[in-house]
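Notes follow once the structure below has been shown.
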Amino acid sequence: MIFTRLKLNNFKSHEHTVIPFDKGISVIVGENGAGKSTILEAISFALFKQHTGKKIDDLVRNNANSMSIELEFTSNNRDYKIVREKKSSLKSSLFKRTSSEGGYVHVCTGDKEVASEIRQILDIDSDLFLNAIYIRQGEIAELVDKTPAEKKQLIGKLLGIDSLEKAWKNLLPFITDYESQLAELNGKLYNSEELMENYKKKKDELESLKDRGHELEEQIDEVDGLLKEISENKRNMEREKEIYETQIKNLEIEEKTFAKLEDEKRMVQEELDKIREAEEEIDRLEKFVSKLDVYLDFEKSVTSIQKLKEDEKEIDDKLDSIAEQKEIVSNMKEGYNKYLSSDEEINKLSDQKNNLEKELATMAKLEKDKKELLQSIEDERNDIEKFFSKSKDKLDDYGLDQDILAKIDDF
C-alpha cells in the first residue's frame, strides 16, 4: 500500500490541507502541536475509522460545522480513494480509478461496506494496522518509563499478544472437543471389523434381493401381459355389453309395445264381440228391415272385421319380433356373465401387481440404505485419516521427536 495524496478539511488543527506524497520515503517535520500526528491519525481514520477522540465530533475543527478527509492510495497496482465526510452524520465512500488516465468510479458507500472492501483490498484489519504498522503518539515514549512487568504488558498490547492469549483460552474448548472426537474415532476404529461384517451381510442380502427383484420384474412382465390380454377381452366384452344393453332397451321398448298391442287386441276383441252381437241382432231383425239397409250395414261390418284382422296380424308379427329379441338376449347373457367375471380377474391381477410394486419399492429402499451405509463408512474412514494427518502435523509443529511420529504412523 502506497499513499499518494491526503486532503484534510476542518480536521482537528488542519483547516484546508493538501499533502501529496511523492515516490520514496516521506518525512513529516514540524513543531509540537503543528499537526504531525493529526496527519497519521487522519490516515488511520480514513482507512479504518480509528481515532483518539471520544467521539467523531471531537475531530471537527473548532467553530466548523463540517469535516472531510480524502485519502488516495495505491494497492496491487490499482488506485483507490476514500472519502469520509462529517456533516449531520458521517458518510463514507470508496472509489476506484478505472485507468491511468481516467477518473474515479464509485465502488460502495457506508461504513460496513467500505470497511469490508478495505479489508479485502489491503488484506489487513484495523487491529493489525494499529499493532504492526501505525503506533499512536506517546505509546513508545510511555514504554521507557514503565517497569518490566508494565513494559511486558504494553508490548503485549502493541504486538497483540493479549489477543493471542485470549484466542488460546477460546481455543481450549475446541481442543477438548477435538480430543473427545479423537476418542470417539478410536472407538469407531475398533468397531470397523464389525462394520465390515455387517457390510458383507448387507451386500449378500442385497444380491439376494436383486435376484428376487429380477424374478419379481419377470412376474410383473407376465402380469402386464395378462393384464393387456384381459384388457383387450374386457374391451370386447364392453362392446358386447353395449350391444346387450341396447338389445335389453329394445326388448323393453318391444315389451311396452307388446303390452300396448295386447291392450289394442283386447279392445279389438271387444269390438269383434260387439260385431258378433250386432250380426246376431241383424239376423234377428233382418225380416223386419229392408234388405238394402241390412246389406250396407253388413258391408261396413265386413270392412271393419277385415281391418281388425290386419291389425291382429300386425300384432302377431310384433309378438314374433319380441320373441326373437328375448332369444338374442338369452344368448348374450352368457357373454355378459363372462364380462362380469373378467372384471373380478382384472381386480385380482391389479392387486397382485400392486403387491409386486411394493416389494420393488422395499428393494429400492434397501439399496438406498446400502448406499448410505457405504457413504457413512467412507466418511468415517476419511475423518480418521484427516484426524491422524492433522494430529501428526500438529505434533510435528510442537517439535515432537521423529521416532514418536514414526510410531504414530505405525499406529
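The values are calculated or read from the model by the stated rules, or taken from the named source; none is laboratory data. Just so we're clear, the structure is a prediction, and the values are computed from it rather than from any experiment. Cβ placement follows ideal geometry from the backbone for every residue including glycine, while neighbour counts extend to all protein chains displayed.
Annotation note: Cβ proximity below 6 Å between a residue of region 206-235 that is under 14 Å from residue 348 (Cα atoms) and in the same structural domain as residue 355 (by TED's automatic domain parsing) and a residue that is part of a helix (DSSP H, G or I) and basic (Lys, Arg) (sequence gap 6+ or interchain) occurs for 223/353. When each of 206, 143, 154 is tested for being surrounded by 12 or more Cβ atoms within 10 Å (Cβ to Cβ) and modelled with pLDDT of 70 or more, the lone residue that passes is 206.
Being under 30 Å from residue 229 (Cα atoms) and either at pLDDT below 80 or not assigned by TED's automatic domain parsing to the domain that holds residue 218 (or both) is the requirement here; does residue 244 meet it?
Details: under 30 Å from residue 229 (Cα atoms): yes; either at pLDDT below 80 or not assigned by TED's automatic domain parsing to the domain that holds residue 218 (or both): no.
The answer is no for residue 244.
The one condition from (1) β-branched (Val, Ile, Thr); (2) touching a residue at least 24 places away in the same chain (Cβ under 8 Å); (3) in a strand (DSSP E or B) that residue 52 does not meet is (3).
Filtering region 83-113 to residues that are in contact with an Asp or Glu (Cβ under 6 Å, 6 or more places away or on another chain) and either of a type in the set (S, T, N, Q) or within 16 Å of residue 45 (Cα to Cα) (or both) leaves 83, 91, 92, 94.
Annotation note: of 41, 70, 31, the sole residue that is surrounded by fewer than 16 Cβ atoms within 10 Å (Cβ to Cβ) and either under 14 Å from residue 118 (Cβ atoms) or acidic (Asp, Glu) (or both) is 31. Within region 160-186, residues that are at negative phi sit with their Cβ atoms under 8 Å from residues that are β-branched (Val, Ile, Thr) and modelled with pLDDT under 80, at 6+ positions apart or across chains, in these pairs: 161/155; 185/384.
Among the residues that make up region 218-237, is at least one of them closer than 30 Å to residue 395 by Cα, among the β-branched types (Val, Ile, Thr) and assigned to a helix (DSSP H, G or I)? For region 218-237, residues closer than 30 Å to residue 395 by Cα, among the β-branched types (Val, Ile, Thr) and assigned to a helix (DSSP H, G or I): absent. On the basis of being of a type outside the set (Lys, Arg), over 24 Å from residue 119 (Cα atoms), out of contact with any Asp or Glu (no Cβ under 9 Å at 6 or more places or on another chain) and not in a loop (DSSP other than H, G, I, E, B), does residue 22 make the cut? In short, no.
Somewhere in region 96-111, is a residue at pLDDT 90 or above, assigned by TED's automatic domain parsing to the domain that holds residue 43 and closer than 16 Å to residue 6 by Cα? Yes, region 96-111 contains at least one residue that is at pLDDT 90 or above, assigned by TED's automatic domain parsing to the domain that holds residue 43 and closer than 16 Å to residue 6 by Cα.
Counting just the residues of region 275-317 that are β-branched (Val, Ile, Thr) and in a helix (DSSP H, G or I), which one comes out modelled with the lowest pLDDT? Outline the logic, then answer.
As a first pass, look at region 275-317 and keep what is β-branched (Val, Ile, Thr): 275, 282, 289, 294, 302-303, 305, 315.
Among the residues that remain, those that are also in a helix (DSSP H, G or I) are: 275, 282, 294, 302-303, 305, 315.
Details: 275: 79, 282: 70, 294: 50, 302: 66, 303: 75, 305: 71, 315: 77.
Among them, the one singled out is 294.
In this structure, is residue 19 free of Cβ contacts under 8 Å to residues at least 24 places away in the same chain, among the aliphatic types (A, V, I, L, M) and either touching a strand residue (DSSP E or B) at 6+ places or on another chain (Cβ under 6 Å) or in the same structural domain as residue 101 (by TED's automatic domain parsing) (or both)? Criteria met by residue 19.
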